[in-house]
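Enquirer: Structure in structure tokens, see below.
The values are calculated or read from the model by the stated rules, or taken from the named source; none is laboratory data. Here the structure is a predicted model, which is why all the values come from computation and not from measurement. Note that we place each Cβ from the backbone using ideal geometry, even for glycine, and neighbour counts take in every protein chain shown. Remember, those area values only see protein heavy atoms, side chains included, never the ligands or the DNA or RNA. Shrake-Rupley method; radii C 1.70, N 1.55, O 1.52, S 1.80 Å.
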Amino acid sequence: QVQLVESGGGLVQAGGSARLSCAASRLTFSSYAMGWFRQAPGKEREFVGRINRSGANTYYADSVKGRFTISRDNAKNTVYLQMNSLKPEDTAVYSCAARLSVIITTIPNEYDYWGQGTQVTVSS
């Protein structure tokens, strides 16, 4: 069974940084595009960004563009989300997701596998 396990969440002060990791197992990691999503209490799941299979191309939501960076290490079956200049409105549960198709999508239901999520709380 495919597993995606996020780590690196926690409490961060506004203006600070955090780095999330998502370790994948039981799938051919380099064959999957990887996405990051977040969900705040009482809100729908929101697309954060996405990286293609090789890591050469990324795509971000406007709300995080210029502050967040997604990267991946296919040798380690891991994708990362570097978050800088964090704001209280970035507080959410962050989840990674894997998608076999190369077509870019921001729709959660179009991703094939999901991690359980990790909480990021940004204090003001």
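Enquirer: Of all residues in segment 104-124, which are within 22 Å of ASN52 (Cβ to Cβ) and either of a type in the set (Ser, Thr, Tyr) or open to solvent by less than 10 Å² (accessible area, probe 1.4 Å) (or both)? Outline the logic, then answer.
Expert: Residues of segment 104-124 within 22 Å of ASN52 (Cβ to Cβ): 104-115.
THR105, THR106, TYR111, TYR113, listed by residue number.
Enquirer: Could I ask something else about it? Out of all the residues in segment 86-94, is one or more closer than 25 Å to GLN1 by Cβ, open to solvent by less than 40 Å² (accessible area, probe 1.4 Å), among the aliphatic types (A, V, I, L, M) and assigned to a strand (DSSP E or B)?
Expert: no
Enquirer: List every residue pair whose Cβ atoms sit under 6 Å apart, with the two residues 6 or more apart in sequence or on different chains, where the first one lies in segment 99-121 and is of a type in the set (S, T, N, Q) and the second, anywhere, is in a loop (DSSP other than H, G, I, E, B).
Expert: THR118/GLY9; GLN119/GLY9; THR121/THR91
Enquirer: Those residues that are open to solvent by 80 Å² or more (accessible area, probe 1.4 Å) and either under 12 Å from ASN77 (Cα atoms) or among the acidic types (Asp, Glu) (or both), I need them from segment 1-14; list them, please.
Expert: Selection gives GLN3 alone.
Enquirer: Right, something else. Residues that are within 14 Å of GLY8 (Cβ to Cβ), under 12 Å from the mean Cα position of the chain (by Cα) and either of a type in the set (S, T, N, Q) or surrounded by fewer than 16 Cβ atoms within 10 Å (Cβ to Cβ) (or both): does segment 95-103 have at least one? Walk me through it before giving the result.
Expert: Our first condition is that a residue be within 14 Å of GLY8 (Cβ to Cβ); within segment 95-103, this holds for 95-96.
Pick out the ones that are also under 12 Å from the mean Cα position of the chain (by Cα) and you get 95-96.
Checking which are either of a type in the set (S, T, N, Q) or surrounded by fewer than 16 Cβ atoms within 10 Å (Cβ to Cβ) (or both) leaves us with 95.
Within segment 95-103 (the criterion being within 14 Å of GLY8 (Cβ to Cβ), under 12 Å from the mean Cα position of the chain (by Cα) and either of a type in the set (S, T, N, Q) or surrounded by fewer than 16 Cβ atoms within 10 Å (Cβ to Cβ) (or both)), the answer is yes, since at least one residue qualifies.
Enquirer: Would it be correct to say that SER17 is of a type outside the set (Phe, Trp, Tyr), open to solvent by 40 Å² or more (accessible area, probe 1.4 Å) and farther than 18 Å from ILE107 by Cβ?
Expert: Yes: the conditions hold for SER17.
Enquirer: Out of segment 112-124, which residues are at pLDDT 95 or above and either over 12 Å from the mean Cα position of the chain (by Cα) or not in a loop (DSSP other than H, G, I, E, B) (or both)?
Expert: Taking segment 112-124 and keeping what is at pLDDT 95 or above, we get 112-123.
Residues satisfying the conditions are ASP112, TYR113, TRP114, THR118, GLN119, VAL120, THR121, VAL122, SER123.
Residue-by-condition table, conditions (1) surrounded by fewer than 15 Cβ atoms within 10 Å (Cβ to Cβ); (2) assigned to a strand (DSSP E or B):
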position: SER21; (1), (2): no, yes
position: ALA24; (1), (2): no, yes
position: LEU27; (1), (2): no, no
position: TRP36; (1), (2): no, yes
position: PRO41; (1), (2): yes, no
position: GLY49; (1), (2): no, yes
position: VAL64; (1), (2): no, no
position: ILE70; (1), (2): no, yes
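Enquirer: Suppose we filter segment 1-16 for residues that are over 21 Å from SER101 (Cβ atoms), in contact with a strand residue (DSSP E or B) (Cβ under 6 Å, 6 or more places away or on another chain) and modelled with pLDDT of 95 or more; how many remain? Walk me through it before giving the result.
Expert: Within segment 1-16, the subset over 21 Å from SER101 (Cβ atoms) is 5-16.
With in contact with a strand residue (DSSP E or B) (Cβ under 6 Å, 6 or more places away or on another chain) added as a condition, the list becomes 5-9, 11-14.
Subset that is modelled with pLDDT of 95 or more: 5-8, 11-14.
The number of residues fulfilling the criteria is 8.
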